[in-house]
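So the structure is just underneath, and the comments pick up after that.
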Amino acid sequence: MKKNSLSSFYVSLWLLFTAVILQAVESAKGKYAHMLFNELFEDYSNALRPVEDTDKVLNVTLQITLSQIKDMDERNQILSAYLWIRQSWYDAYLKWDKDKYDGLDSIRIPSNLVWRPDIVLYNKADDDFSEPVNTNVVLRYDGKITWDAPAITKSSCVVDVSYFPFDSQQCNLTFGSWTYNGNQVDIINSLDSGDLSDFIEDVEWEIHGMPAVKNVITYGCCSEPYPDVTFTLILKRKSSFYIFNLLLPCILISFLAPLGFYLPADSGEKVSLGVTVLLALTVFQLMVAEIMPPSENVPLIGKYYIATMTMITASTALTIIIMNLHHCGSEAKPVPQWARVVILDYMSKIFFVYDVGENCTSPKREKEEERKLERGDGCQRRHKEVRSHFSNRNDDCDFKEKVNGNLNKSYGVHGENVRETVNCCSCYKMLIKNIEYIANCVRDHKANRAKGIEWKKVAKVMDRFFMWIFFIMVFFMSVLIIGKAA
């Protein structure tokens, strides 16, 4: 027990001694840091470029780290990003011998105390022209200054929406000095691309690279060269959101348009269905127009909407024309011979359009037609018998009228039998005329009804024909736009 207590006592003494030594070292370093700071900035000015020779170029190394994409405003063509900007350069007036200051090799001081290069974002699209964040800089004994500053930038980006929502964008971030030319301050990119190691994944965009290129440009105002570093941010849009919210509903709605041809003409809903689908697509078109910039490049989904709306407009117009054919009555002309051959004989079989009660697999239709023909022959025979009967009676009446007339002339015989015979014959004549009038009316009614039935069948065949044509068109347009996503 005594040995354990002694060992713990010695350990406690050692820890206390170490803490005292470290505190003394820190206080010593703090003392040397204050001394160093006072000596360095006693005669220092941050207003002038820190070079011993004014003709010498000061090299500034630039490195950009992309942390997050905050927003991509396609309509206003502005990219908002959160960046970490690292700049490093050598200050000829801020050097010291670290051995004189107890090995102190670096200090951290406010950035506004030292000279800073006026490197700005050339294509900035923000109304706020405030100064950079005054974070501390790291000053080393050899005069190297490293300045890390976070920044939320809004840069202009030319957005190409031709293949929206399957598009890729390239946004440039151009950094350069605003007042110093290339003979005074030269910008060097430390890496061939921006740093993406700390990038926070975005829900809408994928980052496919951020290459960096140095450019030296001579502007019209000045003869000196002005260097800059341009970082090109390559973005690929994640299209799942737009597929499920803008594209698939449009495809499903567009498949309803050909079904308008399948509706019965007597339902009265054929035209209203086409108009409803057209209005629904107009709403989606307005939603896309609110997102996209007002440019001449029509997005891919916008082209699909326009093509689909044109197709639905054409289908609605064709539906109105076909409904006029369906409601052709007795006043219409008969179906032309070419329409009988092409539409009623061939196209009706291709598109499986049959009369009421007719089936493509059962041969009962032929038997029913034969029965109708037999019934028609029987009716015609009975009609002929009635007409022959009445004609015979009419001949008898004519014969009796002649005989009675001769008797009246020869003998002057007058009686009631003769009057009854004459009245009976006149009744038969009126009855025959009435029957013939009724038969002609029935015959004309059947002919007109058959004419209307033929026009209805023509309209039905044309409905089926255009239904399959528009189904094929919708299918190919949908495959075409989905193929762009691959």
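The values are calculated or read from the model by the stated rules, or taken from the named source; none is laboratory data. It should be emphasised that the depicted structure is a prediction, and the values quoted were computed from it without experimental measurement. Note that each Cβ is placed from the backbone with ideal geometry, even for glycine, and that neighbours are counted across all protein chains shown. These accessible areas exclude ligands, DNA and RNA; they are computed on the full protein's heavy atoms, side chains included. Shrake-Rupley method; radii C 1.70, N 1.55, O 1.52, S 1.80 Å.
Of note:
- Under 19 Å from the Val271 label point (7 Å along Cα→beta-carbon), backbone N, the stretch 289-320: 310-320
- Once the Cβ-Cβ distance of Tyr346 and Phe244 is raised to the sixth power relative to R0 = 35 Å, the FRET efficiency obtained is 0.20.
- Rg followed by Dmax, in Å, when the stretch 30-237 is reduced to its Cα trace: 19.5, 65
- Ordered by solvent-accessible area of protein heavy atoms (1.4 Å probe), largest first, the residues His208, His326 come out as His208, His326.
- Spacing of the two label points (7 Å from each Cα toward its C-beta) at Glu52 and Asp102, in nm: 3.0 nm
- Surface accessible to a 1.4 Å probe, Glu39 within the full protein complex, Å²: 100 Å²
- Take the Cα of Leu191, go 7 Å toward its beta carbon, and the backbone nitrogen atoms of the stretch 40-76 under 11 Å from that spot belong to 63-67.
- Residues Tyr346, Tyr226, sorted by accessible area with the largest first, give Tyr346, Tyr226 [1.4 Å probe; ligands and nucleic acids excluded].
- With 0.36 nm allotted per residue and the present C-alpha distance subtracted, the Asp118-Phe37 stretch has 26.8 nm of extension available.
- Applying a DSSP loop filter and a limit of 13 other Cβ atoms within 10 Å to the chymotrypsin sites (Phe, Trp or Tyr not before Pro) in the stretch 212-257 leaves Tyr219.
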